[in-house]
1. To the nearest 20 debye, what is the magnitude of the charge dipole of the chain about its Cα centre, counting +1 on the Cβ of each Lys and Arg and -1 on the Cβ of each Asp and Glu?
2. So how far apart, in nm, are the two label points at residue 120 and residue 239 if each is 7 Å from Cα heading toward Cβ?
3. According to the Cα gyration tensor, what semi-axes, each the square root of 5 times an eigenvalue, does the equivalent ellipsoid of the chain have, listed from largest to smallest in whole Å?
4. Kindly provide the helix-only [θ] at 222 nm of the chain, computed as the sum of -39,500 (n - 2.57) over DSSP H runs of four or more divided by all residues, to the nearest 500 deg cm²/dmol?
5. Quick check: Cα centre of segment 40-65 to Cα centre of segment 227-272, how many Å?
6. Need the list of aspartates and glutamates near residue 214 for cross-linking: C-alpha distance under 13 angstrom, and skip anything on the same chain fewer than eight residues off.
7. State whether segment 27-178 is rounded, prolate or oblate according to the following rule on the C-alpha gyration tensor (a ≥ b ≥ c being the square roots of its eigenvalues): a/c under 1.5 gives rounded; otherwise a/b larger than b/c gives prolate, and the remaining case gives oblate.
8. Please report the relative contact order for segment 27-178, taking Cα pairs under 8 Å with a sequence separation of at least 6, and give it as a percent rounded to a whole number.
Amino acid sequence: MMKKRFGPLLAVLVLLLAPEGALSDDLVTLRLDDGTAENGFRMGGGLGHAVLFEAPSGDWTLSAVAVYGKLEPNRTSEIFVLEIWDETLNALTKVTDRADSYFGDEFGWALVDVPDVRICGPFLVSIYEFGGVYIGTDIGSATGRSFITARNPNRILAWDLEPYQQNETEWMIRAVGSSPAPEVVSVRILSEGASQSSPASVEVELSDADGNLKRATLFIAENENREVVWSAEEEIEGSEATVRFSWPGTLFRVSGPDGSVSPVLTAEVAGVSEELRPLLDRSAPCVLLLNFGESRAAAYAYFGEDGRLNALIDVAGDVHYVSRDVLNATAPQADYMAFLTKNITASKGETAVAFYRMDAPPDSSILSTGYHEPIVLTRSPLFNYRVLLEEVEAKAGDYVLILLVEDEAYNTVWLAGSATVRRL
Ligand SMILES: [Ca+2]
Ligand SMILES: [Ca+2]
């Protein structure tokens, strides 16, 4: 039998990072679609394609609408109308413009500026194309928040778009707006030297004008090669927060039967019961390459306090592997061998796990994400595939701090400070 090999894994994620100082990416895009159009529809007859959004903050300002569309070559109307309605279907603002100023002969995103409007709660964005523009349509699982509307009087119509049902159709219409972003008030290094007996310690003070702080994440990168060796995140809330991070001068390494990769970024698993804690202690984001990489899924690998790999669960919640210990703890009567054949998709030898690696290039405004060499699961799940998470000492030297602060309205603020800590 010919042995199949895993294909190369491309680095795909690039995160914006503000160099030397904090910067908020002002505009945030609300979307329901998945970014690819399976189809396109024009309705004409005064009917609108409408999408229901919810303002993510009590202090949110809508400033533009993005529409994925293309011109109908034999159109009878040259204009389109875009309207924003509140939840009682009252128009808050509208734009009327020429379709060929925004759309072309091929599908593409058109960004339509609308007069800034402050919005609270749910709102509808609708476009009336009068038969002149095909609106990109995302077919698949949908939120049921895409509607067909009409004006004067403003109303939502019964869904009669054959052959697609409302619960599988998403109009590719997005709302672009802004709300107050978090601010980093101060970063104080409380203890600069890092060792396991005496961790480095950093205190960060944060504020947010509209009081919806969500999370602060600290990344620690080697000053010389700029590789991120450690990250820690804290959930926060409200309009002010003080967060203290500590770093014991270590990093995580995952070893498999054929070698090891490091540094691997991990987080303590939140909300796990006392019983399961020893088995599901830390998790690491990863990509699962199933069936020799023919399908892949963003996932989390879970490790016990003893470092053993105890679960692989993808972001959709599908379980690809749990260890015998986890099954015993959650379903003591179950037979693991029977469970293995029925429920485990991580087939021995055909599945690999690729952990993320991150770099913070010095004179660059990006934090780039790539992958370590995938670890192929060649051993038996009965022995946790012989995959192990270990905490090891980081190299001596200087490390830079990079802070990411997020709020509930999808604002993200990066601070790539000049602050450093030192592994002793
Ligand atoms: Ca799609
Ligand atoms: Ca905010």
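1. About 1300 debye.
2. Modelled inter-label distance: 1.5 nm.
3. On the way: eigenvalues 385, 174, 77 Å².
Semi-axis lengths for the chain are 44, 30, 20 Å.
4. -1000 deg cm²/dmol
5. Value for the Cα centre distance between the two parts: 39 Å.
6. 183, 233, 234, 235, 237, 240, 406, 407, 408
7. Rounded, since a/c falls under 1.5.
8. Details: 408 pairs, mean separation 63.1, N = 152.
Result for segment 27-178 is 42 percent.
Bear in mind that the values in this text are calculations on the coordinates, not laboratory data. This structure is a prediction, so every number in the text was calculated from the model and none was measured. Counting neighbours? That spans all protein chains shown, and the Cβs are built from the backbone with ideal geometry, glycine included.
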